[in-house]
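J.: Take this structure, written in structure tokens, and hold onto it; I'll ask about it next.
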Amino acid sequence: MSKGVWPAVSGAIAQNQRLDVVANNLANINTTGFKRDEAAFREIIADAERANRESDIPRQPYTEKEIHPLDGRDKAYVVLDGVFTEFSQGKIKATGSPLDIAVEGRGFIEVLTPQGLRYTRQGGLKLDSAGALVTTEGFRVMSTSNEGLGGASTVTPTAEELAARSILFDEVRPGRVSITERGEIYQGKELVGEISMVEFVSPKLLMKEGSSLYRNDVAANLQRQTVESKLRQGMLEMSNVNPISELTSMLQATRIFEANQKIVKTYGELEAKAVNDIGKL
């Protein structure tokens, strides 16, 4: 098989992966707090890769095979370098629900999942059967720690310590629920707790889990300064997906995919001619 076909094959695979990312963005266009993803690709030049390797050609007159080593590598091909999340602010929509909150700024709400502490911007909250403040998925919203910086403790907390940071409401106690910009929650005039909101030095280091949760594996990435983000009660942050931009990307990826398919088909026709026609000479 001609080696020239592999760049086209790798290009088609790359565009197929790009289509998967775009389709996921469009599927979450109405998911509150969702941040769009973008696929990044890297071109690998086999000749450049080979130049950095020590040559094993013997010190004798070169043969054609030694001058043009056919070791299965291609001249150039494309690979997926990673899928990166774009953290721009989404539009904020008023809902009127007292437990709905939208994060304005770079902050994230700290929540407790079965896998440990995670971070989200999905602010559609509710109360569970125990009166705890939870997300729509049922994850408990954390109150600020003793350090006053959300989960910025330098010591790994125990399960009991994390559970103690849950925000609990007294359903018998009367009073309107109000949430300040800093995350302080009042039921009437009584302070119930303060929502833990944290910021990161580089949000790009966060690992996305599902459509709205993020994991931070780099302790130094957690910002130790005062959080500048604000909470808006009775509102929700919508996804930052631009449907027109995503549809344009989908159309572009489809066209490039089809072009690579035609290249592969052309190489197949050329090889068929080489086998059937040249062999007759």
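Read-outs: derived from the displayed coordinates by stated rules, not from any lab. Everything numeric in this text was worked out from a predicted model, so none of it was measured. Here the Cβ is made from the backbone with ideal geometry for all residues, glycine too, and neighbour counts use every protein chain on show.
J.: Within 10 Å of each residue's Cβ, count the other Cβ atoms and sort Met142, Met238 from fewest upward.
T.: Numbers: Met142 28, Met238 17.
Least crowded to most crowded, the residues run Met238, Met142.
J.: What full-extension length gain, to one decimal in nm, is calculated for Leu168 and Arg224 as 0.36 nm per residue of separation minus the Cα-Cα distance? Don't jump to the answer; show the numbers that get you there.
T.: Numbers: separation 56, 0.36 × 56 = 20.16 nm, distance 2.64 nm.
Value of the extension gain: 17.5 nm.
J.: Counting other Cβ atoms within 10 Å, keep those with at most 13, restrict to DSSP loop, and tell me which trypsin sites (Lys or Arg not before Pro) in the range 214-272 are left.
T.: Arg224
J.: For the range 167-198, which GluC sites (Glu not before Pro) pass both filters: DSSP loop (anything but H, G, I, E, B) and at most 10 other C-beta atoms within 10 Å?
T.: Loop-located and lightly packed - Glu171.
J.: Also, I was wondering about something else. Of Leu236, Leu117, Leu19, how do they rank once you tally other Cβ atoms within 10 Å and put the fewest first?
T.: With the fewest neighbours first, Leu236, Leu117, Leu19 line up as Leu19, Leu117, Leu236.
J.: Based on alpha-carbon centroids, what's the gap between the range 27-46 and the range 202-281 in Å, whole number please?
T.: Going from one Cα centre to the other spans 4 Å.
J.: Let me ask something additional. Can you list the GluC sites (Glu not before Pro) in the range 212-264 that are in a DSSP coil and have 14 or fewer other beta carbons within 10 angstrom? Mind showing how you got there, number by number?
T.: Details: sites: Glu228, Glu237, Glu246, Glu258; in loops: Glu228.
Answer by residue number: Glu228.
J.: Also, I was wondering about something else. Using a/c under 1.5 as the rounded threshold, could you call the range 188-266 rounded, prolate or oblate? The axes a ≥ b ≥ c are square roots of the C-alpha gyration tensor eigenvalues, and prolate needs a/b larger than b/c, oblate otherwise.
T.: prolate
J.: Relative contact order of the range 92-237, please, whole-number percent, based on alpha carbon pairs below 8 angstrom and at least 6 residues apart.
T.: 36 percent
J.: Work out, step by step, the length gained on full extension between Val177 and Ala23: first 0.36 nm times the residue separation, then minus their alpha carbon distance; give nm to one decimal.
T.: 51.6 nm
J.: Each label point is 7 Å from the Cα along the Cα-to-Cβ direction; what then is the distance between the points at Val201 and Glu104, in nm?
T.: Result: 2.9 nm between the two label points.
J.: If a paramagnetic tag sat 7 Å from the Cα of Ile263 along the Cα-Cβ line, which residues of the range 7-44 would have the backbone N under 20 Å from that point?
T.: 7-20, 39-44
J.: Can you sort Ile185, Ile263, Ile167 from fewest to most other Cβ atoms within 10 Å of each residue's own Cβ?
T.: The order, fewest Cβ neighbours first, is Ile263, Ile167, Ile185.
J.: Something else about it: Measure up Lys91/Lys208; Lys35/Lys262; Lys91/Lys230; Lys35/Lys93 against 26 Å on the Cα-Cα distance and list the ones that go over. Intermediate values should be presented prior to the final figure.
T.: Values: Lys91/Lys208 20 Å; Lys35/Lys262 34 Å; Lys91/Lys230 15 Å; Lys35/Lys93 16 Å.
Beyond 26 Å: Lys35/Lys262.
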